[in-house]
Amino acid sequence: MNGPPSVSAHPAARRHLDMLLLGCRFAVLAIGCLIATLPLRADGTLVGAGATFPFPLYQKWIASFDEKVPDAKIQYQPIGSGAGIEALRRGEVDFAASDAPLSDAQLSSFPRHVVQIPTVVGGVVPAYHLDGYAGDLRFTPELLASIYLGTITHWNDPRLKAVNGALRLPERPIRVVHRSDSSGTTYVWTDYLSKVSPAWRTMVGAATEVQWPVGVGAEGNEGVAAQVATTSDSLGYVEFIYAVRGHLSYGAVRNQSGRFVSASLETLPEAARMFNLLKPGDLRMSITNATGRTAYPIAAFTYFIVPQTFPDPAKGRLMTQFLRWALTFGQKQSASLGYAALPEEVAKQALETIGGSQ
Amino acid sequence: MWLAVVIGKGISEAAAPGPMRLLHRFGAFAMLLSFGVAVLAIGPHFRVFVEPFGSKSGAAELRSDLVRRLEKEPRVALVSDPGAADFFVSGEGETYIKGYVGTNPRVRYLNGDARPIYGGYLSVEVKDRAHDTVWSYLVTPRRLGAEDINSDLTGQVIRKLMEAMTLPRGSLKQKTSSQ
């Protein structure tokens, strides 16, 4: 036989081959370990702007990412969802952030194709300042809509007293506070009120900016929190962490199953689990008024809005790298600031979207 | 060997007189106890370094309370050298008095018997040796007017924190992402 010698026919050659393969495996393993311990490398600067709702977490994420990727510089300006989207449209920033997903009409009006990546889940709470009342108030959906429509004007309204039986509420006017800027938090709040109140849906509707029937405006979540903190008898709406850190009392809200539920890391994930994708790959979802037994009803996904392609490939690579980090490692930091991590299925689809976007 | 002794005791006990039987039982109990202690000692141990919790009002007390609870955990060894730690626990917290409630419903004003109602929060993060966050959580007071706000907040965190450190890394990733 003149064919090539078979390895199995030569035990010595096979031993050599085995040794060689083993050596290669060790070498691959060693190189893998070395790469894993090296800091990630990415050159470039990214500037983002938008929602104040997730700002405390994005600040933390950027600081942590900066430790892992020393050459990268990411800046984020909390100027409100609406202003952030406009800045991205004008090409003044590299990415935007919003708690209100863009509609099809908004998407088609963008000069370049953008993708929306959900990052975490947060809750909007009715925060109040009632001097002399340290207890926790309860609100029904109808009460919140009526207060913001201006049909309930005083704290001692019988409808408020009916659900807060043990508290002697004061005979003083409710000073309503809302956002003055174009805001994703306003979108979440008005989206919820539109779902629970036909009167609100007809008269005001859901948007990042609405014609408020009553109240005074303040800019950003921080602005509303400060306004509530300094105004006696006020009621406003802010993202959960702003109420917690701002020493604000916040109420429990009755959910669809009839339970009064406060925002927490037990009730927000319950709401997140109720997500319903309109179609595969489209991650725009509303989870307000979720059906879960202990679901907090005013919860929302918040999003990064990112161009599908970057003229500067280095920026594109850095954006992808940051998004991947945020959707994996970053998720584990979210609870430290009261945000719920994305449900596994949503995170998976978001990662797939990034894979296809850059 | 212990098992053999216990089995041996079972065989020999029937033939032993009253006081000896008692002694055998005591011996068997002591051996079982030492076996249990040994199992606990063999189980996974975590060397934990607890970082400062910041300078906000009540943060130091929250840290002390959490440290006290961690000291009671048999599988945790607190270390003072960060270089020797398997896990790093960092935290941020604050406690304050939100207001007072009178204890006498007949009195419309607050008197000396008024009870404080506390507000606050505790945020805890666990990092591994590579300084990657493996778990985090935030709690707010659970019970209205809790007498001991520190105990309320750290009590809510400790069980979840121990679960986070006990889980194998793979399951931890899964658990965190599903939260």
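The values are calculated or read from the model by the stated rules, or taken from the named source; none is laboratory data. Treat the numbers as computed from the prediction; the structure is a model and nothing was measured. Every residue, glycine as well, gets a Cβ built from its backbone with ideal geometry; the counts of neighbours run over all protein chains shown. The accessibility values were calculated without ligands, DNA or RNA, using every heavy atom of the protein model including side chains. Shrake-Rupley method; radii C 1.70, N 1.55, O 1.52, S 1.80 Å.
Consider A:Ala229 carefully, then state whether it is under 21 Å from the mean Cα position of the chain (by Cα) and surrounded by fewer than 20 Cβ atoms within 10 Å (Cβ to Cβ).
no
Looking at segment A:302-358 only, could you name the residues that are farther than 19 Å from A:Asp66 by Cα, more than 11 Å from every other protein chain (Cβ to nearest Cβ) and among the β-branched types (Val, Ile, Thr)?
If the condition is that a residue be farther than 19 Å from A:Asp66 by Cα, more than 11 Å from every other protein chain (Cβ to nearest Cβ) and among the β-branched types (Val, Ile, Thr), then A:Thr302, A:Ile305, A:Val306, A:Thr309, A:Thr353, A:Ile354 are the ones that fit.
All but one of (1) open to solvent by 10 Å² or more (accessible area, probe 1.4 Å); (2) on the phi > 0 side of the Ramachandran plot hold for A:Gly338; state the number of the condition that does not hold.
Among (1) open to solvent by 10 Å² or more (accessible area, probe 1.4 Å); (2) on the phi > 0 side of the Ramachandran plot, A:Gly338 violates only (1).
Exactly one condition in (1) away from chain B (no Cβ under 14 Å); (2) outside any loop (DSSP other than H, G, I, E, B); (3) surrounded by fewer than 18 Cβ atoms within 10 Å (Cβ to Cβ) is false for A:Asn276; which is it?
Checking A:Asn276 against (1) away from chain B (no Cβ under 14 Å); (2) outside any loop (DSSP other than H, G, I, E, B); (3) surrounded by fewer than 18 Cβ atoms within 10 Å (Cβ to Cβ), the one that fails is (2).
Output the strands (runs of 3 or more DSSP E) that fall wholly within segment B:75-151 and possess 1 or more residues being more than 9 Å from chain A (Cβ to nearest Cβ) and modelled with pLDDT of 80 or more, or say none.
Correct list: B:76-78, B:87-101, B:115-127.
Limited to segment A:218-252, what total is found for residues that are among the small types (Gly, Ala, Ser), more than 14 Å from every other protein chain (Cβ to nearest Cβ) and not in a helix (DSSP H, G or I)?
Going through segment A:218-252 one residue at a time, the tally reaches 3.
Across segment A:199-217, what is the total count of residues that are assigned to a helix (DSSP H, G or I), open to solvent by 50 Å² or more (accessible area, probe 1.4 Å) and among the hydrophobic types (A, V, I, L, M, F, W, C)?
Total meeting the criteria: 1.
Go through segment A:171-196 residue by residue and tally those that are over 16 Å from A:Gly215 (Cβ atoms), assigned to a loop (DSSP other than H, G, I, E, B) and open to solvent by less than 10 Å² (accessible area, probe 1.4 Å).
Here the count works out to 0.
Among (1) modelled with pLDDT under 95; (2) buried (at least 21 other Cβ atoms within 10 Å of the Cβ), there is one condition A:Asp312 misses while meeting the rest; what is its number?
Answer for A:Asp312: the failing condition is (2).
So A:Ala263 passes all but one of these: (1) in contact with a strand residue (DSSP E or B) (Cβ under 6 Å, 6 or more places away or on another chain); (2) over 16 Å from A:Pro54 (Cα atoms). Which condition number does it fail?
(2)
Being aromatic (Phe, Trp, Tyr) and within 14 Å of chain B (Cβ to nearest Cβ) is true for just one of A:Tyr76, A:Tyr133, A:Tyr58, A:Tyr148. Which residue is that?
Answer to the check: A:Tyr133.
Taking only segment B:36-72 into account, find how many residues are at pLDDT 95 or above, open to solvent by less than 60 Å² (accessible area, probe 1.4 Å) and at negative phi.
The qualifying residues number 12.
Regarding segment A:26-49, can at least one residue be identified that is of a type in the set (Phe, Trp, Tyr) and at pLDDT below 95?
Within segment A:26-49, one or more residues are of a type in the set (Phe, Trp, Tyr) and at pLDDT below 95.
Does A:Lys60 satisfy the criteria of being modelled with pLDDT under 95 and over 12 Å from A:Tyr303 (Cα atoms)?
no
Kindly provide the set of residues from segment A:301-321 that are farther than 20 Å from A:Ala87 by Cα and in contact (Cβ under 8 Å) with a residue 40 or more places away in the chain, ordered by number.
A:Phe301, A:Ala314, A:Arg317, A:Gln321
Exactly one condition in (1) touching a helix residue (DSSP H, G or I) at 6+ places or on another chain (Cβ under 7 Å); (2) hydrophobic (A, V, I, L, M, F, W, C); (3) open to solvent by 10 Å² or more (accessible area, probe 1.4 Å) is not met by A:Leu283; state its number.
Checking A:Leu283 against (1) touching a helix residue (DSSP H, G or I) at 6+ places or on another chain (Cβ under 7 Å); (2) hydrophobic (A, V, I, L, M, F, W, C); (3) open to solvent by 10 Å² or more (accessible area, probe 1.4 Å), the one that fails is (3).
Let me spell it out: the conditions are (1) open to solvent by 60 Å² or more (accessible area, probe 1.4 Å); (2) over 13 Å from A:Leu235 (Cα atoms); (3) over 31 Å from the mean Cα position of the chain (by Cα); (4) away from every other protein chain (no Cβ under 14 Å), and A:Arg168 meets all of them except one. Which number is the exception?
(4)
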